[in-house]
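To start, the structure itself, in structure tokens.
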Amino acid sequence: AQSVSQHNHHVILSEAASLELGCNYSYGGTVNLFWYVQYPGQHLQLLLKYFSGDPLVKGIKGFEAEFIKSKFSFNLRKPSVQWSDTAEYFCAGHGSSNTGKLIFGQGTTLQVKP
Amino acid sequence: DGGITQSPKYLFRKEGQNVTLSCEQNLNHDAMYWYRQDPGQGLRLIYYSQIVNDFQKGDIAEGYSVSREKKESFPLTVTSAQKNPTAFYLCASSISRGKYNEQFFGPGTRLTVL
């Protein structure tokens, strides 16, 4: 079955620490991947997306992600986190069908201590 | 402002009652989606609609119903058949179906069954 999994469920970091959140997908064919963020009390919003081309994708607020096809991974990174990055992060992917359906990972709660 | 609105923000329901959650978008998007968010489970797709007067079941459609009579509106009814309805419900839309379109999310409705 098609799936997206996030292995880090709850991450606690101090400000200025580096961040890497894991995301793995389990389907073949054309792969389109997304990272969404949900700040406390706010809408789910898109951080970055990968459709094709350069596997290193840069998003908003200093985030980036690298698509590694051989590892079925799309990990999210940020060199130096801020307190304002405290949020829940979701990895998602389109499955092999062309319906636009998104498959979400379980989410990772990031808590950044000032 | 273009966007997606959901109402109400909070909804309380007694067991055995049906309730309808509203979702409206003014983005002129063809495709609309309903997700359910539970802690530690990410977002799961309930129903989606790729065009007016057409919709399909998602992964967890049992106990829910939808309609798509207008392009801008996609209401979700949580019926008494839904065994565990307490959750956070998110509506989303994209410009069209397909794998290359970003989904935009509304602010959500938190449903609590008393």
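Quick note: the coordinates plus some simple rules give every number you see, no bench work behind them. Please read all numbers here as calculations on a predicted model, not as lab measurements. A quick note on method: Cβ atoms are made from the backbone with ideal geometry, for glycine too, and the neighbour counts reach across all protein chains shown.
Which trypsin sites (Lys or Arg not before Pro) in the range B:57-107 pass both tests, a DSSP loop state and at most 13 other beta-carbon atoms within 10 Å? Could the numbers behind the result be given before it?
On the way: sites: B:57, B:68, B:70, B:71, B:83, B:97, B:99; in loops: B:68, B:71, B:83, B:97, B:99.
In loop regions of the range B:57-107 (DSSP not H, G, I, E or B), the sparsely surrounded trypsin sites (Lys or Arg not before Pro) are B:83.
Which of B:43, B:81, B:103 sits farthest toward the positive end of the charge dipole of the protein assembly as shown, with +1 on the Cβ of Lys and Arg and -1 on the Cβ of Asp and Glu?
Checking the options against the dipole of the protein assembly as shown, the answer is B:81.
Determine the shielding of peptide B:39-51 by partner chains: average, over its residues, the number of Cβ atoms on other chains within 10 angstrom of each Cβ.
4
Across peptide B:59-68, what mean number of C-beta atoms from other chains lies inside 10 Å of a residue's C-beta?
Working: counts 2, 0, 0, 0, 0, 0, 0, 0, 0, 0.
Taking the mean over all residues of the peptide, I get 0.
Dipole of the range A:1-82, Cα-centred, from +1 at each Lys and Arg C-beta and -1 at each Asp and Glu C-beta, to the nearest 20 debye?
Dipole size: approximately 100 debye.
List the extent of the Cα atoms of the range B:22-114 along each of their three principal axes, largest first, rounded to whole Å.
Principal axes ranked by extent give 36, 26, 21 Å for the Cα atoms.
Name the GluC sites (Glu not before Pro) in the range B:1-91 that are in a loop by DSSP and that have at most 13 other C-beta atoms within 10 Å, would you?
Values: sites: B:15, B:24, B:62, B:69, B:72; in loops: B:15, B:62, B:69, B:72.
In loop regions of the range B:1-91 (DSSP not H, G, I, E or B), the sparsely surrounded GluC sites (Glu not before Pro) are B:15, B:62, B:69.
Which loop-located GluC sites (Glu not before Pro) does the range A:38-114 contain, where loop means any DSSP state but H, G, I, E or B and the Cβ has at most 16 other Cβ atoms within 10 Å? Don't skip to the end; give the middle numbers.
Values: sites: A:64, A:66, A:88; in loops: none.
Filter output for the range A:38-114: empty list.
What is the Rg over Rh value, at two decimals, for the protein assembly as shown, using alpha-carbon atoms and the Kirkwood definition of Rh? Don't skip to the end; give the middle numbers.
Values: Rg = 17.5 Å, Rh = 18.1 Å.
Ratio value, two decimals: 0.97.
Please tell me the relative contact order of the range B:32-114 in percent, rounded to the nearest whole number, where contacts are Cα pairs under 8 Å and at least six residues apart.
26 percent
Could you work out how far the C-alpha centroid of the range B:44-114 sits from that of the range B:1-24, in angstrom?
11 Å
Could you compute Rg(Cα) / (2.2 N^0.38 Å) for the range B:1-68, with N its residue count?
Details: Rg = 13.0 Å, N = 68, 2.2 N^0.38 = 10.9 Å.
Against the compact-globule rule of thumb, the ratio is 1.19.
Tell me, what is the percent relative contact order of chain A, built from C-alpha pairs under 8 Å that lie six or more residues apart? The partial results should precede the final answer.
Values: 285 pairs, mean separation 42.6, N = 114.
The normalised contact order for chain A reaches 37 percent.
With a bin width of 5 angstrom, please list the P(r) values of chain A as percents of all Cα-Cα pairs, from the 0 bin to the one holding the largest distance.
Taking all Cα pairs of chain A, the binned fractions are 2, 12, 24, 25, 19, 10, 5, 2, 0 percent.
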